[in-house]
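The values are calculated or read from the model by the stated rules, or taken from the named source; none is laboratory data. Remember, predicted model here, so these are calculated numbers, not experimental data. Note that each Cβ is placed from the backbone with ideal geometry, even for glycine, and that neighbours are counted across all protein chains shown. Keep in mind that these areas ignore ligands, DNA and RNA; they rest on the heavy atoms of the full protein, side chains included. Shrake-Rupley method; radii C 1.70, N 1.55, O 1.52, S 1.80 Å.
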Amino acid sequence: MNLTKYITKRILQVIPLLIIVSIISFFIIRLAPIDPLAELRLNPSISEETLQKEIKRLKLDKPIYIQYASWAKSFIKGDLGYTASGEKVSVKLKERIPNTLLLTSVVILLTWLSGIPIGILAAINKGNVFDRTLTVLSSIGMAIPSFFFAILMLMFAVKTGWFPVGGLTSYYYNELSFWGKFIDITKHLVLPVTVLYAISLSGLQRQMRANMLEVLDSDYVKFARAKGLSEFKVIFKHALRNAINPMITLLGFEFAGLLSGAALTEYVFQYPGLGRLILEAVMKSDINLVMASLMMGTVMLITGNLLADILLMLTDPRTRKSQEDV
Amino acid sequence: MKKILGIIIIFFVFALCIKGCIKADIPENDTKINLSETKKEFTYPNKNKNVTINGVHYIQSQAPVGKFGGELVISTIGEGPKTFNPCNSKDATSSEMAGLMYDGLVSTHPATGEVMPQLAEAFHIEGNDYYIYLRKGLKWTDGKPITADDVIYTYEEIVFKGLGNPSAMYAMMINGELPKLTKIDNYTVKFTTSKPFAPFLRQLSYPIVPKHYFKPYSDKGASAFDAFLNPNTKPSTIVSNGAFILKEYVAAQRVVFERNPNYYKINLNNEKLPYINKLVFLIIGDTNNQILKFEAKEIDVIDLKGDNVARYKQQEQNSDYAIYNLGASTGTLFVVINLNNRTNKEGKPYINPVKQKWFQNKNFRSAVDYAIDRKNMVQNIAFGVAEPLFTAESLNSIYLNKNIKGHPQNIKLAKELLQKEGFEQKYGRLYDKNGNLVEFDLYTNAGNLEREAIGVMIKQDLEELGIKVNFKPIEFNSLVNKLTKTYDWDMAIMGLTGSPLEPHDGINVWASRGPLHMFNMRDSKDNTDDRLEWEKELDTIFEQGALKLTYSERKPVYDRYQEIIYEENPIIYLYSPTRISAIRKKIKNIFPTRLSGILYNLDEIYIDSGCPVKENTRSGK
Amino acid sequence: MNLLKKIWNDKFAKAAFIILAALYLIILFADFIAPYSSSYSNRELAYAPPSNIYTIDENGHLSLPYTYNYVRQYDENLMQTVFKQDRTKKYYIRLLPKAEKYKFLGIIPTHRHLFGTEKGGQLYLLGTDINGRDVFSRLLFGGRISMTVGFLALLIVFPIGLLYGGLSGYIGGFIDTLMMRFAEAVMAIPSFYLLIILAAILPAGMTSVQRFALIVVILALIGWAGFARVVRGMVLSIKEEEFVQAAKVLGASKWRIILKHILPQTTSYVIIAMTLSVPSYILAESGLSFLGLGIQQPDASWGNMLKEAQEFTNILYRPWLLTPGGLIFIAVLSFNILGDAIRDFLDPKSEIRR
């Protein structure tokens, strides 16, 4: 099967997936006993007529399948609708998605840069104290509830004054020079990145270790060793390349995991990302917003997987056959 | 080698255990830090004066003259503004921001609460006619003059048509009739109401908007108007008249305002206000993050709650902030009981008839009231930074009925009240006279530590009477849905914010058809024939109260309504938090008042840090 | 058993195993070990610090361990609450004192607790919370929920995942494609988003048992799909093996082949996946409770107890309220270490994705 055909097939597969996802999420949210207008209702200065107007606007008086149909119709047209508070959903997403992408890509970059070497080191030293200590150390970050870790980090920021307490930019951001801006954003990113990094490091490290072990056990590595190549050469020239290949598949998954793992961290750090947006939207049952961000999250996830698969096909011809089975 | 290591480790652990177990009993030293008492009295600002210079009718602030320049960083809790259209704001944050950008005809005196001229230079009332004289020579930010046409446009084409948030229209209606508006000359307008209506004058604080800028959108209809001035509008295109001009809005992060260089308020030296160059609102998700930001010196002002008060109080002397005690706040916390005895569309009662009997019983409700331990609630949950509350008006309301003194927890009396109504306690459980076990649900919104803790306490209090309470914190929106739509609840812990100036605002809660008449909600199909005696009286009170014009006439009417609530207990009030704020000392011209808080005079506030610090701190960070 | 022996020979795994075993033992006997019940509350002493236990008395002599009661004082001026020890009376710590009545292991009614003070004394090993409840006791009762929620969720995930994956893989063809598309759709929704959406729709006004059960179900709902996919993959390869083909030829029914021949082959994967996925459920429960969507007051779980850590002053002045965080950390870390070790023993090459 050639590459273009494979890609088209995969993209076509995505469509029914999106339909199922949208139906599942739409009905789950709408069945919730949550009133999107609750806050308005409790505000003594809001009249009954204002509420009626809002109900009409949000189509809350129509049956659920009609609500879904009208949502789906506009979604296909590329119109994501308005939030419960009357803002354009597309504008809101446009504000948030780049921030979340920034956060996640920095975290992924860092975990890869450190997770791969740690995994290799652990694999080479398999079973001894060094290996076990590395594994335990890397698991530590994963074992703390992320929100708790984030809160402790915020306390750290307050006590030392080294980092700003949450957010992404300072209020005087626009007056800064280019490098000033860069430093400002970096300062804001350090703490959330640390939390997410600690959480996602161990997964990658373990996987790399497992892959490396498998490869080191394989015939061609044994053969290379038998040939009398130095251990350094065996590991870095032969084993490493083959061990990293399957990691590419993991990239897509990691991206997805971070996307949802970041929600609580964004929430605690008041980071203006997609996760915090969706969290707040769910709490208010803001259907258009939840649906749109869910779909975006799903699309990002699927795209991530797709890209990873394609990348894998390009780097490792052996997988082409097995990909067709899945 | 390993064995030795192991032995050493075990030895250490053992030693640590011993160390932990042996603790000498040495009495602590009683050292008490003596701190200055919280100031409770403040010098209130004098009334503003009107001054005319070069044909412009300015307001002259009587506050001390300050320094120009500097930035004030404050915060707003939640998601930030949803619109900058002052006619369309439905939430507190949007209203606050729009209020900075657009002024109304009148405003409220921060200390006395009386109505003061704002865009209007003066007003006078003749019977049902309200004459408004506009200031002359005032300009919109784009240089066009502010005239009576703008006022007429704002009221006739926006408010009276119900564009944006139609609540303003209903607030101005008297028996379904809107007032008439007449233009007398370019700077004078007259409102005529069909009947005398006390809350009317205050309604004129509605923001006046520029006709030439708003009309193209209001002509296009409701949805175009709703989208107008949404948060993504380019700030430099906005035409306004308030003390501050929008400069930048960054979603979920901040809103930045700049001073309006052409504002019509001047200081005693006749220099144009406001003093501060920049006003920054950081958008902060919750109070926990807010306190961290204050601690990290990222924001300048904060409202303190609970034991943060003690912490900041202790450190006040060696710090860069001052703490102000503003007395009881407008917030109230209460338990509401469901008195609904109607049936839904299918003819099924909203709540179990057995339970209805208890809740309809006045003495049962009183027993619940007497069982509640407000003292410990204030002490444990609010850390003493609150006052017990027994009245429907909040403690800082000018209409507070001071004759209602309240009562301490009295389990014995509560038990007697229940016995009188045939309730009986058997094996620690309470049964009604028909032998039904008294058991019901108590709801509150989950995630609110304060209310959850209150729920746990009330559950324990009522269990002393033998009542079985199922305490169920549920998601906020679902709770509101129960209270206002499905009516399937027994008791709930809620909070509302009242108005300290205008008791008529409570009509939503107390009128038998009010949209927040939680304890006995009626939907559109229900009629009001089944009103309870005291519900009828409340309806009359709220009708009459609005028709009387003077404070002395209105006071007894609203005193009576608070008595009714205190006696009938459909809503059992718990406590009202004390409002305590911390503000950096470098911020001057602060005259906190009980009514308006701290930051009501942003145009008079100035920053005096001794030296041009702001620039230094930034590079030093 | 071979596996247990191997765990015992590995230092890290042994430590993790012992810690977990101890934790489960403690929560099993929570009523007995805890000096107070989970609903006990002393409202005169909200946020009291941990009791000091003295073994050397004021004269410097060795003594049996004793403690003083706290008294709360409120300073109007400072708006501050202070706790003072009431030094007029000593309360000695006793073994097996009589206290609140409970049912030992849910059966035997008794008054005896493992330890406590003399009558009238207070013993708050880890202080009290906002309602004046003993944090130490609630930690034990909260552990019952937090430490079991994962296992209970797995009890739902595994049958569903095994059957779904097994059927899909065994039948193959169009049905397989359809079933897998559905599973992928569930997986494609970012899991935490799905989790909070589901938790937000829990009907209001359930009893705490119902709520607990539904939270278990919700946690299970997001976990089954990934598991089913892996099982399917395994089944695909197993069904080509000779012994399955042989069973087919011998005329065994489809169900019999799936249940008797194919699924047992996945045992080692199941064991590994179990130990490695329990921690994620513990963390998910704590995240949900943190947002107010999980276990609700007055019930205790480590997650909802940790909610108090949100308050800045609690972290500064009342660190004992953060102990649930420490326990979550220890439990999750132990599960991870144990899971890693088991994986190495059973199947050193396996790749397990979650």
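Points worth noting:
- Looking only at the range A:61-90, residues that are modelled with pLDDT under 75, of a type outside the set (D, E) and open to solvent by less than 70 Å² (accessible area, probe 1.4 Å) come to 5 in all.
- In the set A:I144, A:I140, only one residue is within 7 Å of another protein chain (Cβ to nearest Cβ), within 26 Å of A:A210 (Cβ to Cβ), surrounded by fewer than 18 Cβ atoms within 10 Å (Cβ to Cβ) and not polar (S, T, N, Q); that residue is A:I140.
- Selection within the range C:291-305 - open to solvent by less than 10 Å² (accessible area, probe 1.4 Å) and either outside the structural domain of C:G325 (by TED's automatic domain parsing) or under 14 Å from A:F147 (Cβ atoms) (or both): C:G292, C:L293, C:G294, C:W302, C:G303, C:N304
- Checking each residue in the range A:154-176 for being out of contact with any strand residue (DSSP E or B) (no Cβ under 9 Å at 6 or more places or on another chain), in a helix (DSSP H, G or I) and at the interface with chain B (Cβ under 7 Å from one of its Cβ atoms) picks out A:L154, A:A157, A:V158.
- Subset of the range B:436-476 (residues that are of a type in the set (S, T, N, Q) and surrounded by fewer than 23 Cβ atoms within 10 Å (Cβ to Cβ)): B:N436, B:N445, B:N448, B:Q460, B:N470
- The range A:207-258, residues that are at pLDDT below 80 and of a type in the set (K, R): A:K222, A:R225, A:K227, A:K233, A:K237, A:R241
- Pick from the range B:486-505, criterion touching an Asp or Glu at 6+ places or on another chain (Cβ under 8 Å) and closer than 15 Å to B:V336 by Cβ, ranking: surrounded by the fewest Cβ atoms within 10 Å (Cβ to Cβ): B:D490
- Pairs, first assigned to a helix (DSSP H, G or I) in the range C:246-260, second open to solvent by 60 Å² or more (accessible area, probe 1.4 Å), C-beta under 7 Å, six or more apart: C:I257/C:K248
- Within the range C:4-23, if we keep just the residues that are assigned to a helix (DSSP H, G or I) and of a type outside the set (A, V, I, L, M, F, W, C), the residue that is nearest to C:S334 (Cα to Cα) turns out to be C:K14.
- For the range B:211-232, the tally of residues that are open to solvent by 10 Å² or more (accessible area, probe 1.4 Å) and within 25 Å of A:Y271 (Cβ to Cβ) stands at 2.
- Flag if B:D539 is among the charged types (D, E, K, R) and within 12 Å of another protein chain (Cβ to nearest Cβ): no
- Matching residues, the range B:542-586, being open to solvent by less than 60 Å² (accessible area, probe 1.4 Å) and either assigned to a loop (DSSP other than H, G, I, E, B) or free of Cβ contacts under 8 Å to residues at least 60 places away in the same chain (or both): B:F542, B:V557, B:I564, B:N569, B:P570, B:K586
- On the stretch given as the range C:294-331, residues that are facing another protein chain (nearest Cβ under 7 Å), touching a Gly at 6+ places or on another chain (Cβ under 9 Å), in contact (Cβ under 8 Å) with a residue 60 or more places away in the chain and outside any helix (DSSP H, G or I) total 1.
Quick grid of which residues meet (1) in contact with a helix residue (DSSP H, G or I) (Cβ under 7 Å, 6 or more places away or on another chain); (2) under 25 Å from B:D226 (Cα atoms):
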site	(1), (2)
B:K82	yes, yes
B:E96	no, yes
B:T112	no, no
B:Y131	no, no
B:A148	no, yes
B:Y155	no, yes
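- Cβ-Cβ under 8 Å pairs, at least 6 apart or on other chains, the range B:196-223 side within 17 Å of B:T237 (Cβ to Cβ) and assigned to a loop (DSSP other than H, G, I, E, B), far side acidic (D, E) and open to solvent by 40 Å² or more (accessible area, probe 1.4 Å): B:P210/B:D142
- Within the set C:L214, C:L162, the sole residue that is among the hydrophobic types (A, V, I, L, M, F, W, C), touching a residue at least 60 places away in the same chain (Cβ under 8 Å) and assigned by TED's automatic domain parsing to the domain that holds C:V244 turns out to be C:L162.
- Some residue of the range B:224-236 being within 14 Å of chain A (Cβ to nearest Cβ), over 30 Å from A:L168 (Cα atoms) and either assigned to a helix (DSSP H, G or I) or in contact with a helix residue (DSSP H, G or I) (Cβ under 9 Å, 6 or more places away or on another chain) (or both): yes
- Scanning the range A:21-60 for residues that are facing another protein chain (nearest Cβ under 7 Å), at pLDDT 75 or above and surrounded by fewer than 19 Cβ atoms within 10 Å (Cβ to Cβ) yields A:I24, A:I28.
- Matching entry among B:K161, B:K180, B:K144 (being within 13 Å of chain A (Cβ to nearest Cβ), surrounded by fewer than 18 Cβ atoms within 10 Å (Cβ to Cβ) and not aromatic (F, W, Y)): B:K161
- Pair list, Cβ under 6 Å, 6 or more apart: the range C:76-89 residue at the interface with chain B (Cβ under 8 Å from one of its Cβ atoms) and over 16 Å from B:K305 (Cα atoms), other residue surrounded by 13 or more Cβ atoms within 10 Å (Cβ to Cβ) and of a type in the set (F, W, Y): C:Q85/C:Y68; C:R87/C:Y68
- Only one of B:R135, B:R202 that is within 14 Å of chain A (Cβ to nearest Cβ) and in contact with a strand residue (DSSP E or B) (Cβ under 8 Å, 6 or more places away or on another chain): B:R202
- Residue match in the range B:413-423 (condition: of a type outside the set (D, E, K, R), open to solvent by 20 Å² or more (accessible area, probe 1.4 Å) and touching a strand residue (DSSP E or B) at 6+ places or on another chain (Cβ under 7 Å)): no
- Within the set C:S268, C:S286, C:S237, the sole residue that is of a type outside the set (K, R), in a helix (DSSP H, G or I) and closer than 25 Å to A:S146 by Cβ turns out to be C:S286.
- The residue list B:K433, B:K459, B:K405 contains one member that is within 14 Å of another protein chain (Cβ to nearest Cβ) and either at pLDDT 90 or above or farther than 28 Å from B:V480 by Cα (or both), which is B:K459.
- Matching residues, the range B:66-82, being within 9 Å of B:Y606 (Cα to Cα) and either part of a loop (DSSP other than H, G, I, E, B) or under 17 Å from the mean Cα position of the chain (by Cα) (or both): B:G66, B:K67, B:F68, B:G69, B:G70
- B:P199 modelled with pLDDT of 90 or more and either touching a Ser or Thr at 6+ places or on another chain (Cβ under 8 Å) or not aliphatic (A, V, I, L, M) (or both): no
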